[in-house]
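These notes concern the structure reproduced below.
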Amino acid sequence: MMFDLPDSQTCYDSFFARSPDMRGRLWVGVTSTGIFCRMGCPARQPKPENCSWHASVQSCVEAGFRPCKRCRPLEPEGADPLVTRLTRALEDDPARRWREADLLALGLDPSTVRRAFRRSLGISFLDLARMRRLQAGLGQLAGGARVIDAQLEAGFDSGSGFRAALTRLMGAPPDRWSHPDPLLRIDWISTDLGPMIAVADDHALHLLEFADRPALPKELERLRKAVKGRVALGRPAPIDQAAEEMRAYLAGRLTRFETPLVLHGTPFTRQVWEALRRIPAGETRSYSGLAQEIGRPEATRAVARANGANQIAVMIPCHRVLGADGSLTGYGGGLWRKERLIALERQMGASAG
């Protein structure tokens, strides 16, 4: 969310004094290097005349600054050494079953860890670790493993606990995702912004959502009912293509997706989604502006609803729509992801220019 910046001298003093009330609200662009930094960057302090002050990462990128490689301002807002330490530990051993006692053994306060992760990633560390273990279990099931073997791979002592966790994530128990003659297949895609669930047939992608999106279970259940239960775990070619394109996009090497898509929605909803796909990477629109573009200026609220109903994240770029005042507004994948996606695309656009 944008706010009015104080004068340059106040910004300079607050930023380099690491004022707590300005953390996450103030960034500096250094005109002599073309780099922008978050508060607390270990780089040498620039001279006041070389500082350009900004209230958001987006503003820095729009002004042509590149992210600092030392403080990494494109990482989730609020990231701190504690978050970095534990996410790296999770990457090193994703199957580990973390408990609060493990955090205490590391000399960490579980409530502090929980707050730090929710502030940075929108999810607690223990929930994130649990999701990674579920990913391992789903991978086993997709490969044809028995539920008991997938359960053990995921580090669940209880079969009922494993089934319940999968049901919460997928909207239905595992046996409903194992049709012998499926029309749709489901798999997990790992990305730098967190795990995503993908659904595709042999020719096109039907769904791509972040695994922690609250609406995901209902979206999956609607697809399952639409094909009368003919869904199974697996990885057809469109999911492979989507995974590769997401890796290239998040690495800043791709601005246009070519994965074939199936759009489930009313004619108006599909019209909005197609308009979203025409917004160039690095640009944004308001809801009212998007309504104008499709020739329905009176339909701003309907456009907002269609935007929120999008079930193919990133590839149908609903993150490129902002509030009329330039605020990030809502995003099913979390505002921290929306901010990073916009900043990434601004950076790619600046590099291309």
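The values are calculated or read from the model by the stated rules, or taken from the named source; none is laboratory data. All of these numbers come straight from a predicted model, not from anything done at the bench. A quick note on method: Cβ atoms are made from the backbone with ideal geometry, for glycine too, and the neighbour counts reach across all protein chains shown.
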Looking only at region 96-106, which residues are hydrophobic (A, V, I, L, M, F, W, C) and either touching a Lys or Arg at 6+ places or on another chain (Cβ under 6 Å) or surrounded by 15 or more Cβ atoms within 10 Å (Cβ to Cβ) (or both)? Trp98, Leu103
Among the residues of region 31-47, how many are in contact with a Lys or Arg (Cβ under 9 Å, 6 or more places away or on another chain) and either more than 20 Å from Gln347 (Cα to Cα) or of a type in the set (Val, Ile, Thr) (or both)? 5
Scan region 45-59 residue by residue and report those that are at pLDDT below 90 and either surrounded by fewer than 19 Cβ atoms within 10 Å (Cβ to Cβ) or not in a helix (DSSP H, G or I) (or both). His54, Ala55, Ser56
What residue, among those in region 294-316 that are buried (at least 19 other Cβ atoms within 10 Å of the Cβ) and touching a Cys at 6+ places or on another chain (Cβ under 8 Å), is farthest from Ala211 (Cα to Cα)? Asn307
Look through region 231-248, keep the residues that are under 17 Å from the mean Cα position of the chain (by Cα) and surrounded by 17 or more Cβ atoms within 10 Å (Cβ to Cβ), and return whichever of them is farthest from Ile316 (Cα to Cα). Ala243
Can you name the residue in region 245-281 that is in a helix (DSSP H, G or I) and among the hydrophobic types (A, V, I, L, M, F, W, C) and is also farthest from Ala306 (Cα to Cα) among such residues? Ala248
Given the criterion within 19 Å of Gly333 (Cβ to Cβ), out of contact with any His (no Cβ under 7 Å at 6 or more places or on another chain) and either at pLDDT 75 or above or basic (Lys, Arg) (or both), identify the matching residue among Gly122, Gly194, Gly137, Gly161. Gly194
Give me the pairs, please: first residue somewhere in region 317-346 and under 17 Å from Leu216 (Cβ atoms) and surrounded by fewer than 22 Cβ atoms within 10 Å (Cβ to Cβ), second residue anywhere and among the small types (Gly, Ala, Ser) and modelled with pLDDT under 85, beta-carbon distance under 6 Å, and either six or more positions apart or on two chains. Gly334/Gly122
